[in-house]
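Asks: Attaching a single structure in structure tokens format; questions to follow.
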Amino acid sequence: MWQPSASIPNLKKRAQFLTQIRQFFDFRDAWEVDVPILSQATITGVHLHSLSTQYHSSAKDDKTYYLQTSPEFAMKRLIAAGSGAIYYLGKVFRDDPQGRNHNPEFTMLEWYRPNWTYESLMEEVAALLSKLLSVKEVEKLTYTEAFKKYLDINPLTDSIETLRERAKELPGCEQIAQDLTARDDLLDLLITHGIEKQLGKDKLTFIHLYPASQAALAQLSQYDPRVAQRFEVYYRGIELANGFGELADAKEQRVRFEQENQERIEKGLPVMPIDENLLDALAAGFPPCSGVAVGVDRVLMLSLGASSLNEVMPFTAERA
């Protein structure tokens with residue numbers, strides 16, 4: 001167990017891979033930032049779970065700090081302070097089950113482009129991933145188009161009963177679908193078990209314009225308020241990136257955080273502290289902006305033709 005999870009040749013390729021990413025942004029006039037991965041606040045969404053620790057400060061009471069699931073909040077504070085285009089390439093943490101495609105500590109690439117639309121950012125994401133993965137073809141589908149193409153249902157207009165019955169037809173999902181009562185939970189089951197594995201078989205596939213209820217940090221579409229400026233990228237059935245046309249309204253962002261915490265209560269999850277520094281930054285003046293996060297280890301795994309993250313990470317959790 002003392003030996004690295006990945007081979008030394010693969011770790012050398014990993015170093016080259018990270019250099020290649022930095023060169024990409026150097027050429028495109030974005031600068032690298034180093035932000036805290038330990039914070040007093042964290043994400044409030046019900047599908048992301050933070051790791052926490054106790055900080056023994058000089059005060060009488062210990063403080064709870066959270067290892068960040070993303071550098072997003074700190075980076076947005078820099079954007080509000082006038083940083084311009086920035087990127088982060090470093091560690092983040094998520095308290096999710098370890099597996100072929102996930103380790104609780106992993107490397108994330110995240111970047112923000114002030115005054116860019118999310119459509120323009122999708123083009124840049126395609127340029128980077130096409131280069132890293134040696135893929136030439138790119139496909140773009142709206143969330144609704146993907147559901148119609150692969151499951152023959154409309155995620156925005158079909159009833160919960162229709163969604164449930166369609167989910168029951170998926171292998172191994174009959175009982176799970178029967179127990180789900182929330183629309184977004186059923187949609188999540190449908191996309192993860194009925195659509196994802198079919199995406200990006202021989203091309204990069206972008207899914208965009210997600211339901212507004214699934215994009216708490218994104219602007220709503222100016223053409224259809226039922227959907228938001230959110231996109232995800234898939235290759236060979238694996239999610240690689242998640243991006244937004246960023247929400248800039250502090251009051252609306254607070255409402256969404258509070259709604260997510262209410263949903264956490266309803267699901268029996270702990271309430272998460274809202275990041276007041278982020279809300280203050282948005283209120284101070286946040287420019288039109290788009291941002292995206294990319295799972296670097298997954299991209300490298302696919303680039304090298306590896307079968308799991310163990311083959312591209314120095315020491316996964318069980319060896320750390």
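The values are calculated or read from the model by the stated rules, or taken from the named source; none is laboratory data. As the structure is a prediction and not an experimental result, all values here were calculated from the model. Using ideal geometry, Cβ is built from the backbone for each residue, glycine included, and neighbour counts are taken over all protein chains shown.
Asks: Report, ordered by the first and then the second residue, all pairs with beta carbons closer than 6 Å, sequence separation of six or more or different chains, a first member in segment 269-283 that is within 11 Å of LYS251 (Cα to Cα), and a second member that is among the basic types (Lys, Arg) and part of a helix (DSSP H, G or I).
Replies: LEU279/ARG254
Asks: Pick from segment 303-320 the residues that are touching a Lys or Arg at 6+ places or on another chain (Cβ under 9 Å) and surrounded by fewer than 22 Cβ atoms within 10 Å (Cβ to Cβ): which of them is nearest to PRO114 (Cα to Cα)?
Replies: Ranking the candidates gives SER303 first.
Asks: Select from segment 15-36 the residues that are assigned to a loop (DSSP other than H, G, I, E, B) and among the charged types (D, E, K, R) and list them in ascending order.
Replies: Correct list: ARG28, ASP29, ASP34.
Asks: Just to be sure, is TYR210 touching a residue at least 60 places away in the same chain (Cβ under 8 Å), in contact with a strand residue (DSSP E or B) (Cβ under 8 Å, 6 or more places away or on another chain) and aromatic (Phe, Trp, Tyr)?
Replies: When the stated conditions are applied, TYR210 passes them.
Asks: Collect the residues in segment 1-57 that are of a type in the set (Gly, Ala, Ser), surrounded by 13 or more Cβ atoms within 10 Å (Cβ to Cβ) and under 24 Å from the mean Cα position of the chain (by Cα), keeping them in residue-number order.
Replies: Hits for segment 1-57 are ALA30, SER39, ALA41, GLY45, SER50, SER52.
Asks: Looking only at segment 100-113, count how many residues are in a strand (DSSP E or B), under 23 Å from THR53 (Cα atoms) and not aliphatic (A, V, I, L, M).
Replies: Of the residues in that region, 4 qualify.
Asks: In the list LEU151, LEU121, LEU128, LEU109, which residue meets the criterion of being of a type outside the set (Val, Ile, Thr), buried (at least 18 other Cβ atoms within 10 Å of the Cβ), over 18 Å from the mean Cα position of the chain (by Cα) and at pLDDT 95 or above?
Replies: Checking each option against the conditions leaves just LEU151.
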